[in-house]
C-alpha cells in the first residue's frame, strides 16, 4: 500500500503548490493541424525521484525532444537506477517520415533493463506441485523471485493506404483547443474505410532477449525474433487523445526460430477501440467513455508432429502472447500474471479532462507545454485459457478497478494508474493511453 500513499501525497502536494484555479481560458479553438504545420522545437529534460514497493527508492531522468530532425518528429528517452542495482534505459521515436516515401512512417524503440527480485511466472513454485504458474486458476503465490536482464528492440513501420481520408491527404488536419479536439460540425463520420478514416498496413520487426535466474538458481532464457504484421483502421478524431470514433487492428505475429530464438511460434489477434464523447460540462473540458476489446490466440501452442504421434510446444514467451496483467490490461495485477494459449480482455475508461491547468502559463523558456490534466476511472475484465473458445474465455474472468491521473506534456501523454484487484493494488507509471 506504500504506492497508494505515495500517489496520494503527490496529488496533495500539487494542490498545495497550486491552490487556486488558473485564469479562465479563452473559448477560441486554435486551428492546429499537428502533422502539417511546423511545430516549435522543444527540448525538455527532467530529473525525478521514484519509489517502487519491491525495490525501494531510486532516481531517473527523462527527455522529450519535439520538432528536431523533422517538424513533427518526437523523441523520448529515459534512464533510471535505484539502490538495488536495478537500472533501465529507454529510447523511442515517433512520427518519423521516410524521405521520398511520404506514406511511410517509421517508429523505432529500444530498451535495456537490469532488474532484481521481480516476480517470475515462467516456472511454478515447488510449493504448488499440481498447478501451472500463470494459469487462470493459479494461486497468486505461485511465482518465483528472479534477477536478470531484458533487452528488446523493434521498429514499427506504418504505410498509409490511399483510402478514405488518406486518399489525398497524408496528414490529418485537426482543430485543437489546447490538446483537446474541437467537435466537427460537419456530417458524422460513419464506419467506412473507403470514405472515412485512415487505413494502414503495419510491419514491426522485433527482437527481445530476457535472461533470468530465479531463487532456485534456475536459469531461463526467453529469446524471440520475428515480425508483427497488421492491418489498422483509425477512424478517430485525434488519435493521441480521441474523443469520438473507433480504431481496429487485426494482426499476426510470427517467429520463425531465427537469430537463436527459443522456439518458432505464431499468434493471431485483434484490438478494438470505441470512443464516445459526452461533451463538455461546467467542470470538464472534455468527457469521454473509451471501450476496448482485445484477444489473441497462439496457433502453434501444441504442434503435432510425426503424423500426430508426438507434440512439440511452439509457444511465444510470456510477454509476447496471451498474457494479462501489467501496463495495458488487468492493471491491478503484476505483468504477465496470467499467461496461456488464448486470452481475452474487456476494458472501459471514463476520461475527465479538467478545466483547471495550473501549468498552463509555465513554459520554462519555451521548453515545456502542458495542455491539460485528466482524471480517469477504469474497470477491466479478462481471462486466459488453454484454448480459444467463447464459452471458456467468459468463465471465471478476473477483474480489476482503478483510477488515474494523466497529463499531456509536449505532445506526450503521461499517466499514473492505480489498479486494484482481489490479489493486489499497483501504481504504474507510463506514457500514452492504454487504449
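Where a number appears in this text, it was derived from the coordinates with a stated rule and is not lab data. Model, not experiment: these values are computed from the prediction. When we count neighbours, we look across all protein chains shown, and the Cβ atoms used for this are built from the backbone with ideal geometry, even at glycine.
Mind ordering 358-367, 218-227 by average Cβ neighbours within 10 Å, highest first?
Details: 358-367: 12.7, 218-227: 17.1.
With the highest mean Cβ count within 10 Å placed first, the list reads 218-227, 358-367.
Listed highest first by mean packing, meaning other Cβ atoms within 10 Å per residue, what order do 130-137, 198-205, 315-322 come in?
Details: 130-137: 15.8, 198-205: 17.6, 315-322: 23.2.
The most tightly packed comes first, giving 315-322, 198-205, 130-137.
How far apart, in nm, are two points set 7 Å out from the Cα along the Cα-to-Cβ line at residue 430 and at residue 173?
The modelled label-to-label distance comes out at 3.5 nm.
Which label belongs to the value computed from this structure, given these candidates for P(r) over Cα pairs in 10 Å bins from 0, in percent: (1) 4, 16, 25, 25, 16, 7, 3, 2, 1, 0, 0, 0; (2) 5, 22, 32, 25, 13, 3, 1, 0; (3) 4, 18, 31, 28, 14, 4, 0, 0?
Entry (3).
On full extension of the chain, what length is gained from residue 182 through residue 356, given 0.36 nm per residue of separation minus the C-alpha to C-alpha distance?
Numbers: separation 174, 0.36 × 174 = 62.64 nm, distance 1.78 nm.
In short, 60.9 nm is gained.
Would you look at the GNM of the chain, springs on alpha carbons closer than 10 Å, and say which of 247, 121, 68 moves the most?
Maximum among the listed residues: 68.
Mean-square fluctuation check for the chain, GNM, Cα pairs under 10 Å: which of 275, 50, 143 is largest?
Its mean-square fluctuation being the largest, the pick is 50.
Per-residue ellipticity at 222 nm for the chain, helices alone: DSSP H runs ≥ 4 residues times -39500 (n - 2.57), over residue total, nearest 500 deg cm²/dmol? Don't skip to the end; give the middle numbers.
Values: 2 runs with 20 residues, N = 435.
My calculation for the chain gives -1500 deg cm²/dmol from helical runs alone.
Please compute the Kirkwood hydrodynamic radius of segment 150-217 from all pairs of different C-alpha atoms, in Å with one decimal.
On the way: mean 1/r = 0.0626 Å⁻¹.
The answer is 16.0 Å.
Find how many whole Å separate the alpha carbon centroid of segment 341-409 from the alpha carbon centroid of segment 167-223.
Cα centroid of segment 167-223 versus Cα centroid of segment 341-409: 15 Å apart.
Taking the chain as a Gaussian network, where each spring joins two C-alpha atoms under 10 Å apart, which residue of 276, 76, 46 fluctuates the most?
46
Want the number for residue 137 to residue 84: 0.36 nm per residue separation, take away the alpha-carbon distance, what's left?
On the way: separation 53, 0.36 × 53 = 19.08 nm, distance 3.25 nm.
Gain in length upon complete extension: 15.8 nm.
Can you tell me the length gained on complete extension of the stretch residue 363 to residue 43, counting 0.36 nm per residue apart and subtracting the Cα distance?
114.1 nm
Using the number of other C-beta atoms within 10 angstrom as an exposure proxy, rank 313, 155 with the fewest first. Before the final figure, lay out the partial values.
Numbers: 313 11, 155 16.
Result, fewest neighbours first: 313, 155.
If the viscosity is 1.567 mPa s and the temperature 4 °C, what Stokes-Einstein diffusion coefficient in µm²/s follows for segment 130-250 when Rh is the Kirkwood radius over Cα pairs?
Values: Rh = 18.4 Å.
The estimated diffusion coefficient comes to 70 µm²/s.
Could you work out the relative contact order of the chain, using alpha carbon pairs under 8 angstrom and six or more residues apart, expressed as a whole percent?
On the way: 1119 pairs, mean separation 46.0, N = 435.
Taking the mean separation of contacting Cα pairs over the length of the chain, I get 11 percent.
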